[in-house]
Amino acid sequence: IGYRADVVANGLEVLEALRQRTYDVVLMDIQMPEMDGLEATRRIHRMFKKNRPYIVAATANALQEERRMCLAAGMDDHLSKPIRMDDLIAALRKCPAAASGGPALDRAALDQLVVNLGEREVVAELITVFLSDAPKLLESLRGAMAAGDAQEVRRAAHTLKSSSAPFGAAVLSELCGRLEEMARIGALEGASGVLDRVEINYEQVRNALESRAQEFTNA
């Protein structure tokens, strides 16, 4: 599918490979000799304060407990063996490096919203409401994360996921959906990095929406 992959034998070799060159994604096996995937993931988080590789667990089963352990260790996604091609492609598309070249907003989705609602001014008002509510939800997410309040993280993430999707903010909505899932299964230990990406992506979405709202108002 157009990607180049390097293969290593254990967690120690994962860390050494990451010291030698930059990788966008690590497909992390869990059961490895010398150092397993969970410990390797924790060390990657210590190695990279920012711009760390996106880590996808590759496990022998789909047990909910194992998924929770992977997310709690700081992994970003989870694939069960045998790995199916469509599942692998879907996981890779979630990687920030795959999405970084695209816009924060899908203009076609926003234009369709205008068609559905009939008036640009209505959509501009909805954008204003969203941009007023979103910072409060982000603040609530930060506070709930610090307090270990999984229920509030889940609520705020779900609300932001649902409210951002109609505007074509697909990456923001997907990241919030991941936070919601992590809160649902009680894996908040690995969620702070996802929230960091939510906040960064929201700023891109905010700038794009403000620009479109101005266009709608002046049209």
> Within the range 12-24, can you find the residues that are open to solvent by less than 60 Å² (accessible area, probe 1.4 Å), within 22 Å of LYS81 (Cβ to Cβ) and modelled with pLDDT of 95 or more?
Replying inline: VAL14, ALA17
>> Just to confirm my filter: which helices (runs of 4 or more DSSP H) fall fully inside the range 80-162 and include at least 3 residues that are within 30 Å of ALA60 (Cβ to Cβ) and either basic (Lys, Arg) or out of contact with any Pro (no Cβ under 8 Å at 6 or more places or on another chain) (or both)?
In response: 85-93, 96-99
> Condition test on VAL153, is it aliphatic (A, V, I, L, M), within 15 Å of MET182 (Cβ to Cβ) and either modelled with pLDDT of 95 or more or surrounded by fewer than 18 Cβ atoms within 10 Å (Cβ to Cβ) (or both)?
Replying inline: yes
> Residues in the range 171-186 that are in a helix (DSSP H, G or I), open to solvent by 30 Å² or more (accessible area, probe 1.4 Å) and of a type outside the set (A, V, I, L, M, F, W, C): how many?
Replying inline: 4
> Out of VAL115, VAL123, which single residue is surrounded by fewer than 16 Cβ atoms within 10 Å (Cβ to Cβ) and among the aliphatic types (A, V, I, L, M)?
Replying inline: VAL115
> Name the residues in the range 19-57 that are in a loop (DSSP other than H, G, I, E, B) and touching a residue at least 40 places away in the same chain (Cβ under 8 Å), would you?
Replying inline: ASP24, ILE30, ARG52
>> When you scan the range 58-78, do you find a residue that is under 27 Å from VAL8 (Cα atoms), touching a His at 6+ places or on another chain (Cβ under 9 Å), of a type in the set (Asp, Glu) and assigned to a helix (DSSP H, G or I), even just one?
In response: yes
> Here are some residues: GLU65, GLU34. Which one is in contact with a helix residue (DSSP H, G or I) (Cβ under 6 Å, 6 or more places away or on another chain) and surrounded by fewer than 16 Cβ atoms within 10 Å (Cβ to Cβ)?
Replying inline: GLU34
> Can you find a residue in the range 76-85 that is β-branched (Val, Ile, Thr) and under 22 Å from the mean Cα position of the chain (by Cα)?
Replying inline: yes
>> Among the residues in the range 94-107, are any closer than 24 Å to PHE216 by Cα and among the aliphatic types (A, V, I, L, M)?
In response: yes
>> Given the options ARG42, ARG93, ARG46, name the one that is open to solvent by 60 Å² or more (accessible area, probe 1.4 Å) and either modelled with pLDDT under 85 or among the small types (Gly, Ala, Ser) (or both).
In response: ARG93
> Can you pull out the residues in the range 187-219 that are outside any helix (DSSP H, G or I) and either surrounded by 13 or more Cβ atoms within 10 Å (Cβ to Cβ) or at pLDDT 85 or above (or both)?
Replying inline: ALA187, ALA191
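The values are calculated or read from the model by the stated rules, or taken from the named source; none is laboratory data. Just so you know, these numbers come straight off a predicted model, no measurement behind them. Ideal geometry is used to build each Cβ from the backbone, glycine not excepted, and the neighbour counts take in all protein chains shown. Surface areas here come from the heavy atoms of the whole protein model, side chains and all, with no ligands, DNA or RNA. Shrake-Rupley method; radii C 1.70, N 1.55, O 1.52, S 1.80 Å.
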